[in-house]
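Single-structure report; data block below.
No value in this document is a laboratory result; all are computed from the given coordinates. No experiment lies behind these values; they were computed from the predicted model shown. Quick reminder, even Gly has a Cβ in these numbers, built from the backbone with ideal geometry, and neighbours come from all protein chains shown.
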Amino acid sequence: MAKEELSLNELAKAIFKGAGGMDNVQSVVHCMTRVRMSVRDDSKVDQAQLKSIPGVLGVVDDEQLQVIIGPGKVNKVAKAMVDQAGVELGAELPVSGGSGKDKVNAKAEEMKAQQKAKQKNSPFKAILKDISNIFVPMIPAFVGSGLVAGVAAILTNLITAGTLDAGTWQQYVDVMNILKNGMFTYLVIYTGINAAQVFGANPTLGGVIGAVVMLTGMNPEAPLKNLFTGDALAAGQGGILGVIFAVWLLSRVEKKLHDWVPDAVDIILVPTISLLVIGLLEIFLIMPLAGFISDGMVSGINWVLNVGGAFSGFVLGALFLPMVMFGLHQILTPIHVQMIDETGKTMLLPILAMAGAGQVGAALALWIRLRKDKELSEMIKGALPVGILGIGEPLIYGVTLPLGRPFITACIGGGIGGAVIGAIGGVGAIAIGPSGAALIPLIANNKWWAYVLGLLGAYAGGFVATYFFGIPKEKLAEEKLAEETVTEPIAPITSTDAIPTEAVEVFTAVAKGVARPIHEANDPVFAQKMMGEGYFVEPENGHIYSPVSGKVSSIFPTKHAIGITTPSGLEVLLHMGINTVDLEGKPFTIDVTEGQEVTPDTLVASADLNAIKSAGKGTEMLVLVTNMDKVKDYIMDHRGEVSPGAELMRVETK
């Protein structure tokens, strides 16, 4: 049974704690799967603590501290964090007592943060971070608009084939195209606004600079000329690459003008001069140059894919997961967008999407080979559905990467899927955002079948490579040990059992719930029977009874465990919960004292199961014989649902 995750507020508090406290967090943002934090002092971050938080799938420490939560939940966790800090997403978090700090201390903090940034960020990392910050906020719109476009494309194909009546369905297609165009037609404007926010320029001016690329208002009968070729300028030339560079220039010009222009006329002169200078540069210099660069880049990528075929597909598919791991995949977003803008599709995305499919195949192989590892199995079950839909981070950081070897075999699976698509050729996506199976509706020119073949190839490749070569040796050893320690179920105990009753200690269920053999416990120390033979009950309520007749020999200070000695000298441990020693006794009330005689009818403790679960701990009530040298023989009857006092084990003593 997997650990129950914390509530949103508890998870937010735990992440702050692992990040060195709220004072150590400078800002909080999120993408589709990760909470991204800028921290003030890296030395205060406790990655081990962060990774141990229930609900956290992994941690990446790059120029930002990234905590992997998973899709659908990450936005709620990030919102809970900023709500606790009293700021908006992306805003700077105040430092405790900040209102009382003087300007000198505030300036010192600012300089410290700047110095840290200089030490930590290389120019290349800074570029990647800026690109990420520009496009990550647009990902939800890419996903929504892309899927709407995919549905519209499917309906259009059905109308063309005569399957659907055009008079009835065309209006639905038109509506979907209007919705889709709300994103993609004005993408340069959204890019300009986001780029301005990243570079520190006026966001509205950034949007205007983005709109300039559309050349709205130009006389088509007397178009403006490209200064280098003499040809007419075309709307959209240079695309988002030109917009990003132009807005970066805008931020520099704006800052200089704010320094030079008197405050009285700043609001009039700065935007006017900025727009004139950058707008003219954009139209006559940046657009032609960016257009030349982007055309060459798109043509080059398509040429490599067409000429390289299966080889190019394998290399790209195999290398994409390491790019994701290091955050380098963000640089590909503007390339995808530019390819779609120029050719109507990106042939790069379907191949790169195979990397996630390789993860799925690898995870399936791990699930089958390591089925005794309950914690890993639960992790895979939770991460597989979103992995199939193209969200790979849960599988990367929660399953394959921590194990090492499966990450490599998953990359091989992605390469095989990429090789399949590369060999077929001409497989492109009309929009970005979705991946995995969710990308199928967005495949252009009815080549969805080729993409599906690639997915199947990646699934199979990742599965086979991992099944035969990707299972870590230590995990195989643990699996073998778990299989060797499985106790065969024995028929229910009756009065005719072979063991003489005078030499037998009877062990019973300690709570109402479900009884299980000890080898199924989530803690490997118990599951591998390092502390002795026994069983556990997953309780329905917190009323915990003695498992045997005997005398209470010890009560642990943290109240999570009670020792009982039977009349024949068996030392029995009642261990309440998994890792509950960390809770310092708070969820437990002990109802007996040391030296007290107890029977299976004695209520020995009360446990607050909700408090245990909220702390991320297991609630299993474990019963073990810790001095197995005193045991001559034993038989067990693991019967599933039980009530307190139900017989579960009989032990014959020496």
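Under a 5 Å amide H to amide H cut-off, with H placed in plane at 1.01 Å, what residues pair with VAL642 once short-range neighbours are removed?
The list, which skips near neighbours in sequence, is GLY513, VAL514, ALA515.
Cα axis of helix 203-212 to longest principal axis of the chain: angle in degrees, 0 to 90, nearest 10?
It works out to around 50 degrees.
If packing is taken as the average number of other Cβ atoms within 10 Å across a peptide's residues, how do 467-473, 21-27, 575-581, 372-378 rank, most packed first?
Answer by packing, highest mean first, reads 575-581, 21-27, 372-378, 467-473.
Please turn the phi angles of segment 140-150 into ³J(HN,Hα) values with the Karplus equation 6.51 cos²θ - 1.76 cosθ + 1.60 (θ = phi - 60°), one per residue in order, whole Hz, x for glycine and proline.
Once rounded to whole Hz, the list reads x, 5, 4, 5, x, 5, x, 5, 4, 5, x.
Where does the chain land at 222 nm, in deg cm²/dmol rounded to the nearest 500, when only DSSP H runs of n ≥ 4 count, each adding -39500 (n - 2.57), divided by all residues?
Calculated from helices alone, the mean residue ellipticity at 222 nm is -15500 deg cm²/dmol.
Using alpha carbons only, how many angstrom separate the centre of segment 128-157 from the centre of segment 540-584?
56
What does the highest-first list of 585-594, 243-252, 607-616, 221-230 look like by mean Cβ count within 10 Å?
Top to bottom by mean Cβ count within 10 Å: 243-252, 607-616, 585-594, 221-230.
Can you flag which of LYS44/LYS473; LYS617/LYS654; LYS512/LYS617 are past 28 Å Cα-Cα?
LYS44/LYS473; LYS617/LYS654
Does anything in segment 33-63 have its amide N under 14 Å from the 7 Å Cα→Cβ label point of LYS76, and if so which residues?
55-56
I'm spelling it out carefully: the read-out is Cα extents along the principal axes in Å, the candidates are (1) 77, 55, 53; (2) 109, 69, 47; (3) 132, 67, 47, and one was derived from this structure. Which label?
Label of the calculated value: (2).
Can you list residues whose amide H is under 5 Å from GLY428's amide H, if they're 5+ apart or on another chain and H is modeled 1.01 Å from N?
ALA444
Work out, step by step, the length gained on full extension between ASP83 and ALA235: first 0.36 nm times the residue separation, then minus their alpha carbon distance; give nm to one decimal.
50.4 nm
Between their Cα atoms, which of LYS76/LYS374; LYS13/LYS613; LYS345/LYS447 are more than 19 Å away from each other?
Checking Cα-Cα distances, LYS76/LYS374 exceed 19 Å.
For a quick protection proxy, order the peptides 186-193, 13-20 by their average other-Cβ count within 10 Å, most packed first.
186-193, 13-20
Between PHE284 and ASP46, 0.36 nm times their residue separation minus their Cα-Cα distance comes to what?
That pair, PHE284 and ASP46, stretches by 80.5 nm at full extension.
If each of ILE293 and ASN219 carries a label point 7 Å out from its Cα toward its Cβ, how far apart are those two points in nm?
Each label point is offset 7 Å from its Cα along the Cβ direction, giving 3.2 nm.
List THR653, THR599, THR409 from most exposed to least, where exposure is judged by having the fewest other Cβ atoms within 10 Å.
Result, fewest neighbours first: THR599, THR653, THR409.
Test of understanding: what is the full-extension gain from LEU276 to ASP61, defined as 0.36 nm times their sequence separation minus their Cα-Cα distance?
Extra length available between LEU276 and ASP61 comes to 73.2 nm.
Put a dot 7 Å past each Cα toward the Cβ at THR168 and VAL265; how far apart are the dots in nm?
Between VAL265 and THR168, the simple spin-label model gives 6.7 nm.
Going 7 Å from the Cα of ALA211 in the Cα-to-Cβ direction, what parts of segment 247-278 have a backbone nitrogen less than 19 Å from that spot?
Of the residues in segment 247-278, 247-248, 250-251, 268-278 have backbone N under 19 Å from the label point off ALA211.
Nearest 0.05, what FRET efficiency do ASN579 and SER7 give at R0 = 22 Å with Cβ-Cβ as r?
0.70
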